1. In the neighborhood of D:K218, defined by Cβ-to-Cβ distances under 13 Å, what is the net charge if each Lys or Arg adds +1 and each Asp or Glu adds -1?
2. Label points 7 Å out from Cα along the Cβ direction at C:D62 and B:E163: separation in nm?
3. Between A:K136 and B:S54, what is the label-point separation in nm under the 7 Å Cα-to-beta-carbon projection?
4. Please compute the alpha carbon radius of gyration of the protein assembly as shown, then divide it by the globular-protein estimate 2.2 N^0.38 Å. Two decimals is fine.
5. Any idea what the D:Q13 label distances to the other copies are, label 7 Å down the Cα→Cβ vector, nm, shortest first?
6. Sort C:C208, A:C129 by Cβ crowding within 10 Å, fewest neighbours at the top.
7. Whose Cβ in chain D comes nearest the axis that rotates D onto A, and by how many Å?
8. Could you tally the net charge around C:N30, taking each other residue with its Cβ under 13 Å from the Cβ of C:N30, Lys/Arg +1 and Asp/Glu -1?
There are 4 protein chains.
Amino acid sequence: MSKYQDIREAAYQANMELPKLNLVIFTFGNVSAADHDLGVFAIKPSGVPYDELSPAKMVIVDFDGKVIDGELRPSSDTKTHAVLYTHCKDIGGISHTHSTYATAWAQSLRDVPIYGTTHADHNTVDVPCAQPMNNKMIQGDYEYQTGFQILNCLQERGFDYHEVEMILVGSHAPFTWGKTAGKAVYNSAVLESIAQMALLAEQINPQCVRLKESLIKKHYERKHGPDSYYGQ
Amino acid sequence: MSKYQDIREAAYQANMELPKLNLVIFTFGNVSAADHDLGVFAIKPSGVPYDELSPAKMVIVDFDGKVIDGELRPSSDTKTHAVLYTHCKDIGGISHTHSTYATAWAQSLRDVPIYGTTHADHNTVDVPCAQPMNNKMIQGDYEYQTGFQILNCLQERGFDYHEVEMILVGSHAPFTWGKTAGKAVYNSAVLESIAQMALLAEQINPQCVRLKESLIKKHYERKHGPDSYYGQ
Amino acid sequence: MSKYQDIREAAYQANMELPKLNLVIFTFGNVSAADHDLGVFAIKPSGVPYDELSPAKMVIVDFDGKVIDGELRPSSDTKTHAVLYTHCKDIGGISHTHSTYATAWAQSLRDVPIYGTTHADHNTVDVPCAQPMNNKMIQGDYEYQTGFQILNCLQERGFDYHEVEMILVGSHAPFTWGKTAGKAVYNSAVLESIAQMALLAEQINPQCVRLKESLIKKHYERKHGPDSYYGQ
Amino acid sequence: MSKYQDIREAAYQANMELPKLNLVIFTFGNVSAADHDLGVFAIKPSGVPYDELSPAKMVIVDFDGKVIDGELRPSSDTKTHAVLYTHCKDIGGISHTHSTYATAWAQSLRDVPIYGTTHADHNTVDVPCAQPMNNKMIQGDYEYQTGFQILNCLQERGFDYHEVEMILVGSHAPFTWGKTAGKAVYNSAVLESIAQMALLAEQINPQCVRLKESLIKKHYERKHGPDSYYGQ
């Protein structure tokens, strides 16, 4: 059995979650699963419909974005994944979708404000929207630069990728990550949900205010703090 | 057969309705079913996906929130359920979701105005939004205090829990209840529907006005009054 | 075989379309099918979930609203259906739902403006919203008066029920009708679709204008005029 | 086997995609597949529900709109398809729907602005909205003139039908096309998605601006340029 079998299987399963969760149509999205010991990740092949995927079709790529194993061309966003894995050693999976509400926020170039506990259960901050790159970076090695666009935004905001596992790439769409590919996809769905609720909250009350700090802290810590009491 | 079998089955069935009614994603919600004679309720285990649930996995908890039977940790919202059962002896089920529209209203800190007969079929008042607790209560026994946040809001408004079976916990999400766990979930779906329609009605007509009193009374009483003629 | 078998079957089939078309949740809607020769109609029993319906459970009622055959209580809206059948001899079916967008327009007390050809394919006018009855009528024989509220609105606007097969009962919800129960349900779904599009069109362009008369006439007549060329 | 078998099968398969992609209800849409060598196309029969279609029911029509083979009447929009095939020799399929968001934009008489990379992956321009015809054209050979309304709009804007494969017919609904009938339907779904996101982006940020040129060019070219690297 191939040493890549586990990440191929993980990437396949996580990719197949995207259409089930209504996060993609056609081929608009890709998930990868990394093995940091081997220095590689498995990623969806480019432009292949979800119902034609199989674990064997996942492409194995190293952290420089070079194909190591597999017969298909990897996702066109592969270099963005590679940059993130290179700089974030605890990320085991990355998910990229064009889900409706999160993408609309990305297009609007606004952060998603933290309006409720659903958001605070996952993050303590507004979901950042990384502003578009300058023209030179776009015209250059675009997908590689998108990785740095994400890393730079996190750094400028002072965010730790262990705590903030989702971002909007301005004018484009969301990227999310996590310890596993499954967790990355989970974060894609959470982001879509809180993006929709945030727009609705503003429509219901244009004077809607951010969640108070004590509630942000309480909800985040009951799920993620040292004394967390959520889950088994 | 365990004396808890009935409430375990009721809680299980009601929890399984939540994803079918599109009221939750992942593990964002929990339903309980109470046996007031035994002084206990059955509730969803914390953080367990709906498709992994079974009646046997429902956790039996007393009205102080102490686990009486079951191998899993109960929902993190268990104490809120416990407080409500303690103070409302006719409630047989409680449902908590983060359904999209009801949660957006909760985030906006606004009551859901009674704009139509769909609302009046179930309530004669705007669905109340309990304003967020003070910081001390949040930092203390949060889920326990959430129960009192709900009870206090009903009391301040002069609402009877037999007649108003739904509330928005401000900045958080809805709680609903009823004589059975099934009725509590029914109320969650009704609230989601009227919350969506209320936003749409305001968007269609920003000068939209509350339903007139005679229609509120007529619709509520034909379903719930002494001479009700709805149903079998 | 009962002489009511045909309308029971037609009413059953048409009622079952409502949840499939996402026009109702729980028991929020009812469809009837009439036999004008027998002077009766078959209608959904009150408060019975759609998945428990069968043709035999449809209740046979005469045009005064009196139950003629069947063991269950008919829909609470039965008298509204009876009034419409009494005064509109060419109506073979009536559908009542609380579908999301049409109901929101009814709550807003606005007519649905004719903004596009989807609307003109079915109607040449704004879908009328009958303003709420006065208190005396509401407190009296409410469902009976609702029938006249609909008929009076059509008359005041100068609309022929053969051509305008849908209306919003203000503050309440839509009623639609047609030559058959199936056509009535079709009209419920069409109304829901054009109600949603009309709101969206106003959101996209607040200066959105009504469809020009020549397009209204063209689209309506190619489907319904003497030289219609739509369909087989 | 008939020489029309291939286009009948292609048209059938593409029509059946419309309800699966939630782009139509009832019979509100039609797709055709052309054989330019034979000078004919296969199109959906008029007013026939999707679940009653079969390849054999597709109607074969020549580029003048005359029925060549088939027992049913072709779609009422057949002449629009015929005009487009006559003037655009590289189009192999055409799709027409009344999908919710694209139709709402058509009703609003606005182009869909290019706000994000999802749009730029398919087009480099705002999706054009062809303004309604004058009354004389509407009253004349309407569907034939609709074809010219589309062609004229493309010409006025300086758009090449190879690159801009989607348009809104003002007050009416979208038409899309492509090398195959399947591609035409794909474009219908893409248009619906970007139409929804564009409205949402404007709601999230009323000062939302068009995508910058460098991003438009980058995204379009990585999928469609001479050095494209998307897909297999």
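Each value in this text was obtained by applying a stated rule to the coordinates, not by laboratory testing. Bear in mind that the values here come from a model prediction, so they are computed numbers and not experimental data. When we count neighbours, we look across all protein chains shown, and the Cβ atoms used for this are built from the backbone with ideal geometry, even at glycine.
1. On the way: positive: A:K136, D:K212, D:K217, D:R222, D:K223; negative: A:D77, A:D141, A:E143, D:D121, D:E213, D:E221, D:D227.
Once positives and negatives cancel, what remains is -2.
2. For the pair C:D62/B:E163, the computed spacing is 4.0 nm.
3. 6.3 nm
4. Working: Rg = 28.8 Å, N = 928, 2.2 N^0.38 = 29.5 Å.
Cα Rg divided by the expected 2.2 N^0.38 Å: 0.97.
5. Label point to label point, same position, other copies: 3.2, 3.3, 4.6 nm.
6. On the way: C:C208 19, A:C129 22.
Starting with the residue having the fewest Cβ neighbours, the order is C:C208, A:C129.
7. Output: D:Q203, 5.
8. Numbers: positive: C:K44, C:K57, C:R73, C:K79; negative: C:E17, C:D77, C:E143.
With Lys, Arg at +1 and Asp, Glu at -1, the neighbours total +1.
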